[in-house]
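Undergrad: Shown below is the structure under consideration.
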Amino acid sequence: MREITQDELKEILEQHKLWLNDNTKGCRANLSYAYLYNANLSNANLSYAYLHNARLSNANLQNANLHNANLSNAYLHKADLSHADLSNANLSYAYLSNANLSNANLSYAYLHKADLSHADLSNANLSYAYLSNANLSNANLSYAYLHNARLSHADLSNANLSYAYLSNARLSNANLSYANIVTFQFKKHIAYFTGKDLRIGCKTETLQDWQNDYEEIGKKNDYTEQEIKMYGRFIEMCIEIQNEET
């Protein structure tokens, strides 16, 4: 590990800015293995930077640009990454327990085996993020956008998934025990209801649309009359849950 003074950090950021504008000038930021506890990096542009194994617990990274940054194995316990751009970032094996990632952009981020337990991911964009085997236990994913996210074998136990958007998300073998999500399966596709939209198989619709179209959709997908009836009952139950909450 290496210590980085405030003056050194300032110079690294300035050289990185030059490099981003013209890669024949300046120098790409390399903060791998750096001690950056409590560092103030809010609004910093660290896109494409090397932060492998950096120690960033309690760091302020609000609104930081970390697009395509390498944060693999980084230690970000209780870091503030709200509104940060982490799109395409490599966060494999990163430790993000209790981190604030609310409203962050994590689209296409690589989070294989990352620890996001107790993290705040409310309103975060996780579309196409790779979260296979990630630890999301007790995480707040309310209103998170998880379209096409890869969550196979992820631990989502006790997670808050209220109003999360799960269209085309891969949830095979994910642990959803005690998560506030309603699941159902009767011989055919698994259904997921998070409080707003309902996903059955790979199709996500509003409850109203499902109520109007489930019989026709079921017939097109070779559901039996009994199967259509059972999924219809589940849709009605979800409507009742939604009405109780409003």
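Residues checked against (1) closer than 23 Å to ASN160 by Cα; (2) surrounded by fewer than 22 Cβ atoms within 10 Å (Cβ to Cβ); (3) of a type in the set (Asp, Glu):
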| position | (1), (2), (3) |
| --- | --- |
| ALA29 | no, no, no |
| ASN45 | no, yes, no |
| LEU56 | no, no, no |
| ASN63 | no, yes, no |
| ALA79 | yes, no, no |
| SER87 | yes, yes, no |
| TYR95 | yes, yes, no |
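Undergrad: Ok, one more. Only one of these is surrounded by fewer than 18 Cβ atoms within 10 Å (Cβ to Cβ), among the charged types (D, E, K, R) and without any contact (Cβ under 8 Å) to a residue 24 or more places away in the chain: GLU205, GLU227, GLU244. Name it.
TA: Of the residues listed, the single one that is surrounded by fewer than 18 Cβ atoms within 10 Å (Cβ to Cβ), among the charged types (D, E, K, R) and without any contact (Cβ under 8 Å) to a residue 24 or more places away in the chain is GLU244.
Undergrad: Scan segment 14-37 and tell me whether some residue there is closer than 20 Å to ALA94 by Cα, assigned to a loop (DSSP other than H, G, I, E, B) and of a type in the set (Gly, Ala, Ser).
TA: For segment 14-37, residues closer than 20 Å to ALA94 by Cα, assigned to a loop (DSSP other than H, G, I, E, B) and of a type in the set (Gly, Ala, Ser): present.
Yes/no matrix, rows are residues, columns are (1) at pLDDT below 90; (2) polar (S, T, N, Q):
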position: PHE186; (1), (2): yes, no
position: ILE190; (1), (2): yes, no
position: THR194; (1), (2): yes, yes
position: ILE200; (1), (2): no, no
position: ASP209; (1), (2): no, no
position: GLU215; (1), (2): no, no
position: GLU236; (1), (2): no, no
position: GLN242; (1), (2): yes, yes
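Undergrad: So, one more: If you take the residues of segment 177-190 that are outside any strand (DSSP E or B), out of contact with any helix residue (DSSP H, G or I) (no Cβ under 6 Å at 6 or more places or on another chain) and not small (Gly, Ala, Ser), which of them is surrounded by the most Cβ atoms within 10 Å (Cβ to Cβ)?
TA: ILE181
Undergrad: Sticking with this structure for a sec: Consider ASN125 carefully, then state whether it is farther than 18 Å from LEU176 by Cβ and not hydroxyl-bearing (Ser, Thr, Tyr).
TA: yes
Undergrad: Continuing with this model, one more query. Name the strands (runs of 3 or more DSSP E) wholly within segment 191-246 that hold at least 1 residues that are within 27 Å of SER142 (Cβ to Cβ) and aromatic (Phe, Trp, Tyr)?
TA: It comes to 191-193.
The values are calculated or read from the model by the stated rules, or taken from the named source; none is laboratory data. Being a predicted model, the structure only gives us computed values, none of them experimental. All Cβ positions, even for glycine, are placed from backbone atoms using ideal geometry, and neighbour counts span all protein chains on display.
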